[in-house]
Amino acid sequence: MLIVALDPPQNVNVLEWIEYRYNLLKPYVQGFKIGLPAILDVGLQSIGKIFQGYAGLLIADLKLADIGDVMSFSAERAQLHGFNAVIAHAFVGYEGALDKLGKLCKEKGLKLILVISMSHKGSQEYIDRHVEEFADLAKRIDAWGLVAPATRLNVLKKIRTLIGKDVKILAPGVGVQGAEPGIAICSGADYEIIGRAITYTENVLESAFKVIEQQRNRVARCRGLL
Ligand code: BMP
């Protein structure tokens, strides 16, 4: 299960860059995640037009971390432009923040994904100390999904144990950040979020096929099917 992170480099035509990769990859992947680099260049509205009619997961990765009303305004904008999921940070807490965003997302049918641990090392400095509390918070607001690292499998496994089966786990950190395809799924993730190891290569489709094949092999092995 693969979600492609579309973070274009500078000095490209951002909309063309996204559209090319979307058209090539959409039959083979479960979703796309658009982050701030593209949004800052061309805006959610013009990006959303590219994905019109797309039935997969389309995540606006704004990493929301604000008061509840303002996070809700942003989430509504994302939905207006065709996105069906948003990512928010857990550390802003419940009262006056994620309580409101959680309610808004439920009412509007938007998938809310909470960052409860990150793939870079610095996540251990502050964020990872609160993983248990963030997992409780995710249950409290009935989050659809969580972001947890493919780069620290002990944390990922712990998060799966804490959260149970029903909440999706999306794991970045595969490829350029060092984790191998499939390893996060073997440790409890539902999806791996992969960007540059696919999108920055010369043959995007070939790279995606290779990643999907590696995922399949590793998952078959860890589930005892090979
Ligand atoms: P890449 O595979 O190119 O390293 O991209 C990973 C993607 O996942 C990026 O879009 C990044 O913003 C996102 N991400 C991450 O790498 N680590 C996290 O902890 C949370 C993220 O959203």
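Some observations on this one:
- In the set (1) touching a His at 6+ places or on another chain (Cβ under 9 Å); (2) closer than 21 Å to Ala148 by Cα; (3) of a type outside the set (Lys, Arg), Gly48 fails one condition alone, (2).
- For Ala60, the conditions (1) closer than 25 Å to Tyr126 by Cα; (2) assigned to a helix (DSSP H, G or I); (3) of a type in the set (A, V, I, L, M, F, W, C) are fulfilled apart from (2).
- Evaluation of Pro181 against the conditions (1) more than 19 Å from Asp128 (Cα to Cα); (2) under 17 Å from the mean Cα position of the chain (by Cα); (3) not in a loop (DSSP other than H, G, I, E, B) shows that the sole unmet condition is (3).
A quick yes/no check of all residues on (1) modelled with pLDDT of 95 or more; (2) basic (Lys, Arg); (3) within 25 Å of Val155 (Cα to Cα); (4) buried (at least 23 other Cβ atoms within 10 Å of the Cβ):
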{"site": "Ile47", "(1), (2), (3), (4)": "yes, no, no, yes"}
{"site": "Gly56", "(1), (2), (3), (4)": "yes, no, no, no"}
{"site": "Tyr94", "(1), (2), (3), (4)": "yes, no, yes, no"}
{"site": "Lys100", "(1), (2), (3), (4)": "yes, yes, no, no"}
{"site": "Leu110", "(1), (2), (3), (4)": "yes, no, no, no"}
{"site": "Ser123", "(1), (2), (3), (4)": "yes, no, yes, no"}
{"site": "Glu132", "(1), (2), (3), (4)": "yes, no, yes, no"}
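- Single residue of Leu156, Leu146, Leu170, Leu162 found to be modelled with pLDDT of 95 or more, part of a helix (DSSP H, G or I) and surrounded by 21 or more Cβ atoms within 10 Å (Cβ to Cβ): Leu156
- Filtering Ala138, Ala208, Ala189, Ala197 for residues that are modelled with pLDDT of 95 or more, surrounded by 14 or more Cβ atoms within 10 Å (Cβ to Cβ) and not in a helix (DSSP H, G or I) leaves a single hit, Ala189.
- Residue within the stretch 73-90 that is touching a residue at least 40 places away in the same chain (Cβ under 8 Å), surrounded by fewer than 20 Cβ atoms within 10 Å (Cβ to Cβ) and on the phi < 0 side of the Ramachandran plot present: no
- Residues of the stretch 95-128 that are away from the ligand (no atom under 16 Å from the Cβ) and part of a loop (DSSP other than H, G, I, E, B): Gly109, Leu110.
- Out of Ile212, Ile193, one residue alone is closer than 16 Å to Phe32 by Cα and more than 12 Å from the ligand (Cβ to nearest atom). It is Ile212.
The values are calculated or read from the model by the stated rules, or taken from the named source; none is laboratory data. It should be emphasised that the depicted structure is a prediction, and the values quoted were computed from it without experimental measurement. All Cβ positions, glycine included, derive from the backbone under ideal geometry; neighbour counts span all protein chains shown.
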